[in-house]
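> Take a look at the following structure, please.
The values are calculated or read from the model by the stated rules, or taken from the named source; none is laboratory data. Bear in mind that the values here come from a model prediction, so they are computed numbers and not experimental data. As a convention, Cβ positions derive from the backbone with ideal geometry for all residues, glycine included, and neighbour counts pool all protein chains shown. These area figures cover heavy atoms from the full protein model, side chains too; ligands, DNA and RNA do not enter into them. Shrake-Rupley method; radii C 1.70, N 1.55, O 1.52, S 1.80 Å.
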Amino acid sequence: MKIDFLGNMKPNESFVLRGLGAFLLLFLIHACGTERTSSSKITEFDTSPVDKVYTQLDTENSRWFLFSSACRPFGMVNLSPDTQIGGAWGSGYRHKTDTIKGFSHIHGWQISGLSVMPVTISEENGQTVFSDFYSKFSHNEEKTNPGYHKVFLQRYDITVELTSTKRVGFHKYSFPTKGKPALLFNLNGLLGPCENRNGTLTKIDDNVLTGEFEMAPTHRRPKPFQVFFQTEFDSKIDSIVQDDRTGNYLVFMEQNKKTVQLKAGISYTSIENAQKNSKTELDHWNFEKVVEESKEEWNNVLGRIKVSGGTETQRRRFYTDLWHALQGRRIINDVNGSYPDNTGDNLRVGHLPLGVDGKPEFNHYNSDSFWGAQWTLNTLWGLVYPDIKEEFVRSLLQYYNDGGLVPRGPSGGNYTYVMTGASSTPFIVSAIQKGIVRDSLESIYKALRKNHMPGGIMEKAGYEHTTNLGGGFKHYLEKGFVPYPIPEGKFGGHQDGASLTLEYAYQDWTLAQLAKKLNEQEDYGYFLDRSNNYKLLFDKESGWIRPKDSIGNWMENYDPYLYKNGFIESNGAQSTWFVPHDITGLAQLMGGLDRAVEKLNGQFKTAQKLDFTSGTSHDVEVHPEYSRVPINYGNQPSIQTAFIFNQLGRPDLTQYWSRKVVDSVFSGLDPSTGYNGDEDQGLMGSLAVLLKMGLFQMNGGTEEDPAYQLGSPIFDAVKIDLHPDYYPGTHFVIRTKNNDQGNWAIKNTFLNGKPIQENAIPHSQIVKGGELLIEFKEN
């Protein structure tokens, strides 16, 4: 048989041979096509990602709002048991604490409340139950899934089951035959980050209670915040007793009813709206139906990304990370659009605009800072959840409309001035550059610009409520840098001048990109010039970003590995690389690309000895053994560093170190590990997801047609559903070949069957849909 170059048979060959040749030709074409367009492995995606989620991850290092079980995505209600109730840190659900102190409905940034504890009352505890009511429990008798929690209270022989809608908690209690069934409403006392006080409970009829309480101000949330609620039972209330000392309430249920269900609707505006929330979202008593609806909702959002390949543990951890990316930040508006506006002198009830269906056009949120979101939520939400990102943008702008500033992280309907800078600017600019937000761009630009000028939020340090000096902003405008220390004194947290300078410079660059888009040429030049201010703090002699005092003198005896020495939650070695808008410019200051690669690679080699984190929890970050780590993937300031190598012409090192970071930091599946510090309301969960998909955006996706830099995906296939209301494509699929254990370096890359040489793909290309094939080198 003779076959020419194109695989065509010669005329003198027999029919049989021609048939055989055709078969071989098809085989060869198929083989070649497979190599360029798909993985050789059969793709089987998980059909129920919610079943992969491990809710107990990192719960030994829990923060008040970290743990979730009986809640919906971003739900106002986040119903779960509390094993520790003192303080914002080390509270909520702590895996090692074997005592439950109540089941509370609100776990959010600086907010807490409506703690309910089922009890059985006997002669032994009837007089002491208000002060002695905790119960032991065992994880062996516990079940948790997104949207559901079941646990057995050993002291009372009560089985508790929990689920919820967005604004209504749904409880199911199975009481024993002995003792009087009752529920303790702890409306007063310390609960997580704040004190609950002035709690009242009123019986409306035989099975309905209404009430309210106030969350006392905190150092971070400066004003009180009111909670209103309605609780409805499927059985009769026998009687109510209030404790004179604590002010809390004991609600006795009818004796012969051993299975009791409770619905608790909450609102931050009025009892009437709490009732409306409850009636609208939960007008029946079918507990199992709500559990299934919650599971379906979680499957819908988690299922926007489907993965295939890897180990079972890797897939479980991936969906747990993705689940965390949709946690922590909480809705504060009612179903009718009413919301609490606490930005003025007095609390007022605002009203969100309603759509033609009578529902709010967007939800309003309680949220921790977007400090670090440029490398996490910006990218993940922008690509996979543009609907969620648009809601948050509109919520941030609603605060501007009400209070005059775009917030960094609002709580209780008000500003907290959490962290530093104008961290919401990159978040909003990236939404505009990706076409998620398209209307009123001039007005949005005006709102963002205000934060970058005198009178804006850049003037304020962390939690600086009454002054405007702690951010050192006037020095930044006059000198081009923020000194350390700030000579005017101490006004808030995080007054670390070097970090503030780096943040302001980057955020100025992102604002400049929006000015350019809107043809604001004068502003574009002005903010672009300010974005170069980081260069004023680069010390060529030491090779590091180095703090200066107010006169302009370098910090003496500078130690770049000393923690919080002019740098926010980091050291100088980590934060020197915080120039995401101008990595090549930073490299030139260091002596060129090769010198920069050598420096950063050395830092990674050293950091690897400590598993790339400063300890395994946030509270040990300052420990001398851990704080000197030169790269820290347990906090936000240096989580971009593995992808810097892409910008320096060494994508192989991006691929190598990003895989090492995933293996060391984001692969565990245990209560004792997870995020090695502070998950920060979706930031670190989002980062883990992006690293495992092999996608990243160095400048936070804030340039025109933002680029996604490529890393080293850990799965055989990743399928991303593209939202039809925002993007023209249906799916974007990332497939890998030779993605076996130990293979991390990319050999070839094909986009829709065509080879590409770049290590980045523009947003406009990805959202059209298609397939990216990455072929790894075999080790």
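> Which ones in the stretch 646-681 are in contact (Cβ under 8 Å) with a residue 60 or more places away in the chain and of a type in the set (Val, Ile, Thr)?
Thr654, Thr673
> For the stretch 381-399, give me each residue that is open to solvent by 10 Å² or more (accessible area, probe 1.4 Å) and within 20 Å of Gln507 (Cβ to Cβ).
Leu397
> Looking at the stretch 190-204, which of its residues are buried (at least 17 other Cβ atoms within 10 Å of the Cβ), within 20 Å of Val251 (Cβ to Cβ) and not aliphatic (A, V, I, L, M)?
Asn196, Gly199
> Quick one: Asn299 ticks every box in (1) under 22 Å from Pro49 (Cβ atoms); (2) surrounded by fewer than 22 Cβ atoms within 10 Å (Cβ to Cβ); (3) out of contact with any Asp or Glu (no Cβ under 9 Å at 6 or more places or on another chain) bar one, so which box is it?
Evaluating Asn299 over (1) under 22 Å from Pro49 (Cβ atoms); (2) surrounded by fewer than 22 Cβ atoms within 10 Å (Cβ to Cβ); (3) out of contact with any Asp or Glu (no Cβ under 9 Å at 6 or more places or on another chain) leaves (3) as the failure.
> Filtering the stretch 436-483 down to residues that are open to solvent by 60 Å² or more (accessible area, probe 1.4 Å), not polar (S, T, N, Q) and not in a helix (DSSP H, G or I), which residue is farthest from Lys517 (Cα to Cα)?
Top of the filtered list is Leu469.
> Just one of Ser658, Ser664 is open to solvent by 10 Å² or more (accessible area, probe 1.4 Å), at pLDDT 95 or above and under 18 Å from Leu690 (Cβ atoms); which is it?
Residue meeting the stated conditions: Ser664.
> Of the residues that sit in the stretch 530-543 and are open to solvent by 50 Å² or more (accessible area, probe 1.4 Å) and out of contact with any Leu (no Cβ under 8 Å at 6 or more places or on another chain), which one is nearest to Arg449 (Cα to Cα)?
The qualifying residue nearest to Arg449 (Cα to Cα) is Asn532.
> Looking only at the stretch 331-360, which residues are of a type in the set (Asp, Glu) and surrounded by 14 or more Cβ atoms within 10 Å (Cβ to Cβ)?
Result: Asp334, Asp341.
> OK, next. Enumerate the strands (runs of 3 or more DSSP E) found wholly within the stretch 672-755, keeping only those where 3 or more residues are open to solvent by 10 Å² or more (accessible area, probe 1.4 Å).
731-737, 746-751
> Taking Asn378 as meeting all but one of (1) open to solvent by less than 10 Å² (accessible area, probe 1.4 Å); (2) polar (S, T, N, Q); (3) touching a His at 6+ places or on another chain (Cβ under 9 Å), write down the number of the exception.
So the condition that Asn378 fails would be (3).
> Also: Looking only at the stretch 544-598, count how many residues are open to solvent by 50 Å² or more (accessible area, probe 1.4 Å), closer than 25 Å to Gln374 by Cβ and charged (D, E, K, R).
1
> Hey, another quick one. So Phe152 fits all but one of (1) of a type in the set (A, V, I, L, M, F, W, C); (2) over 28 Å from the mean Cα position of the chain (by Cα); (3) open to solvent by less than 40 Å² (accessible area, probe 1.4 Å); what number is the exception?
All conditions pass for Phe152, except number (3).
> Exactly one of these conditions fails for Asp402: (1) among the charged types (D, E, K, R); (2) surrounded by fewer than 22 Cβ atoms within 10 Å (Cβ to Cβ); (3) touching a Ser or Thr at 6+ places or on another chain (Cβ under 6 Å); (4) assigned to a loop (DSSP other than H, G, I, E, B). Give me its number.
(4)
> Between a residue in the stretch 109-136 that is over 22 Å from Glu195 (Cβ atoms) and any residue that is of a type in the set (Asp, Glu) and surrounded by fewer than 22 Cβ atoms within 10 Å (Cβ to Cβ), which pairs come within a Cβ distance under 9 Å, given they are 6 or more apart or on different chains?
Here the result reads Thr120/Asp157; Asn125/Asp132; Lys136/Asp98, each pair linking the stretch 109-136 to a residue that is of a type in the set (Asp, Glu) and surrounded by fewer than 22 Cβ atoms within 10 Å (Cβ to Cβ).
Listed here are the residues, each with its yes/no results for (1) in a strand (DSSP E or B); (2) on the phi > 0 side of the Ramachandran plot; (3) open to solvent by 20 Å² or more (accessible area, probe 1.4 Å); (4) hydrophobic (A, V, I, L, M, F, W, C).
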| position | (1), (2), (3), (4) |
| --- | --- |
| Ser235 | no, no, no, no |
| Ser239 | yes, no, yes, no |
| Lys257 | no, no, yes, no |
| Val291 | no, no, yes, yes |
| Ser294 | no, no, no, no |
| Lys306 | yes, no, yes, no |
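> Still on this structure: Checking Lys609 against (1) among the basic types (Lys, Arg); (2) surrounded by fewer than 17 Cβ atoms within 10 Å (Cβ to Cβ); (3) under 17 Å from Glu569 (Cβ atoms): exactly one of these is not met. Which one?
For Lys609, the exception is condition (3).
> Please pick out the residue among Asp678, Asp670 that is touching a strand residue (DSSP E or B) at 6+ places or on another chain (Cβ under 7 Å), modelled with pLDDT under 95 and not β-branched (Val, Ile, Thr).
Asp678
> A further question follows. Restricting the search to the stretch 593-612, which residues are in contact with a helix residue (DSSP H, G or I) (Cβ under 9 Å, 6 or more places away or on another chain), more than 17 Å from Thr576 (Cα to Cα) and in a loop (DSSP other than H, G, I, E, B)?
Leu610, Asp611 - these are the residues of the stretch 593-612 that are in contact with a helix residue (DSSP H, G or I) (Cβ under 9 Å, 6 or more places away or on another chain), more than 17 Å from Thr576 (Cα to Cα) and in a loop (DSSP other than H, G, I, E, B).
> Given the conditions (1) open to solvent by 20 Å² or more (accessible area, probe 1.4 Å); (2) within 30 Å of Val665 (Cα to Cα); (3) in contact with a Gly (Cβ under 7 Å, 6 or more places away or on another chain), report the number of the one that Leu326 does not fulfil.
Only one criterion is unmet by Leu326, namely (1).
> Filter the stretch 311-323 down to the residues that are touching a residue at least 40 places away in the same chain (Cβ under 8 Å) and open to solvent by 10 Å² or more (accessible area, probe 1.4 Å), then identify the one that is farthest from Gln741 (Cα to Cα).
The selected residue is Arg316.
> Right, another one. If you go through the stretch 494-529 one residue at a time, how many are surrounded by 18 or more Cβ atoms within 10 Å (Cβ to Cβ) and touching a residue at least 40 places away in the same chain (Cβ under 8 Å)?
Count: 22.
> Pairs under 9 Å by beta carbon, first residue in a loop (DSSP other than H, G, I, E, B) in the stretch 196-221, partner aliphatic (A, V, I, L, M) and open to solvent by 20 Å² or more (accessible area, probe 1.4 Å), six or more apart or different chains?
Correct list of pairs: Thr218/Ala88; Arg220/Ala88.
> Considering Ser308, Ser367, Ser338, Ser294, which residue is under 16 Å from the mean Cα position of the chain (by Cα) and touching a residue at least 60 places away in the same chain (Cβ under 8 Å)?
Result of the check over Ser308, Ser367, Ser338, Ser294: Ser367.
> Please count how many residues of the stretch 490-521 are over 18 Å from Ile457 (Cα atoms) and in a loop (DSSP other than H, G, I, E, B).
Number of matching residues: 3.
> Name the residue that is surrounded by the most Cβ atoms within 10 Å (Cβ to Cβ), counting only residues in the stretch 757-766 that are touching a residue at least 60 places away in the same chain (Cβ under 8 Å) and of a type in the set (A, V, I, L, M).
Residue satisfying both the conditions and the ranking: Ile766.
> Out of (1) part of a loop (DSSP other than H, G, I, E, B); (2) polar (S, T, N, Q); (3) within 25 Å of the chain's Cα centre (by Cα), the odd one out for Ser764 is which?
Just one mismatch for Ser764, condition (1).
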